[in-house]
Structures are given as structure tokens and as C-alpha cells.
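For reference, the structure discussed in these notes is given below.
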Amino acid sequence: SLHGQVDRLAVSVIWVLSPDLKTVKSTWFGRSIIHNVAAMTYQQAHNILHNKPPDDPNQPPPPPLTAGSPVDTKLIPSLKKDLTILTKLARILRKNREEIGGAVDLSSGDRGSELKFSLDENGLPT
């Protein structure tokens with residue numbers, strides 16, 4: 001897990017993307033150190049993206065080393081910028097998957113939908 005204010009050793013893939021986020025301009029693979037400035041919940045990230053305070057003052061603080069600790073208000077502008085880019089990228093990738101059929105959506109269709117494969121004489125998918 002990535003905890004706030006804790007260094008983590010990692011093997012990373014770094015992509016430099018075009019300004020429209022549609023083209024990978026360069027790729028780097030290597031060992032890295034990830035320093036996460038805030039381990040947020042989805043709700044905290046959602047609140048930041050929608051210009052709301054990230055933290056609910058009525059909620060007790062979470063246990064140590066879990067997501068949801070109070071977000072330093074000085075970080076909110078840079079977090080919002082990063083979250084906005086990530087949200088834009090996620091929407092582009094989702095749209096591309098839907099357009100080219102690059103993802104299997106198991107949640108759609110009638111309740112009896114299931115994924116099926118055709119197998120050859122050796123039992124391998126065709």
C-alpha cells in the first residue's frame with residue numbers, strides 16, 4: 001500500500017504522454033522510490049475535484065497507515081491539478097476501450113449473461 005508521507009521502493013513504468021493524453025511519447029522502466037504525499041479515500045479525492053473540503057470534520061480520524069487521514073490544505077491545489085489529469089486520462093482510456101471493444105463488460109446485459117470461450121480439440125481457447 002502507498003501510505004502518506006512514506007517512501008516505498010518500486011519498479012515503475014513512466015510514460016511521457018502528448019498534451020492530449022492520447023499518445024505515449026516515451027517510456028521508461030526502472031527502479032524508483034514513490035513518496036505519496038497523501039493517502040486519500042475515493043471520497044476525499046472526489047471532494048477535492050468538486051471544490052469541496054476533502055475531510056469530514058464529523059468523522060473520527062482513521063487508524064494509522066490507512067487512507068483517509070486529514071489532507072494538508074496546502075496540498076489541495078496541486079492534488080486537484082493531478083487528480084484532474086488522472087480523471088481526464090481515465091475517461092480517454094475508457095472511451096477508447098468502448099470504441100474499439102478492448103474490454104469485456106461483464107456488468108451489462110441480462111442477469112444471465114456469462115463469459116464463454118470456444119475451445120479447440122486440445123482444450124485451448126480459439
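Some points to look at:
- Packing-based order for 87-93, 9-15, using average beta carbon neighbours within 10 Å, highest first: 87-93, 9-15
- Subtracting the Cα-Cα distance of residue 29 and residue 90 from 0.36 nm times their residue separation leaves 19.8 nm of extension gain.
- Within the chain, helix-based [θ] at 222 nm, where runs of 4 or more DSSP H residues each add -39,500 (n - 2.57), nearest 500: -8500 deg cm²/dmol
- Rounded, prolate or oblate (a/c below 1.5 giving rounded, otherwise prolate when a/b exceeds b/c) for segment 1-86 by Cα gyration tensor: oblate
- Solvent exposure of the chain, expressed per residue, is 83 Å² of accessible area, with all protein chains present and a 1.4 angstrom probe.
- On Cα atoms only, tilt of 76-100 relative to the major axis of the chain in degrees: 10
The values are calculated or read from the model by the stated rules, or taken from the named source; none is laboratory data. Small disclaimer: the values here were computed from a predicted structure and weren't measured. Don't worry about glycine lacking a Cβ; one is built from the backbone with ideal geometry, like all the others, and counts go over all protein chains shown. Accessible surface is based on the protein model in full, side chains and every heavy atom, while ligands, DNA and RNA are left aside. Shrake-Rupley method; radii C 1.70, N 1.55, O 1.52, S 1.80 Å.
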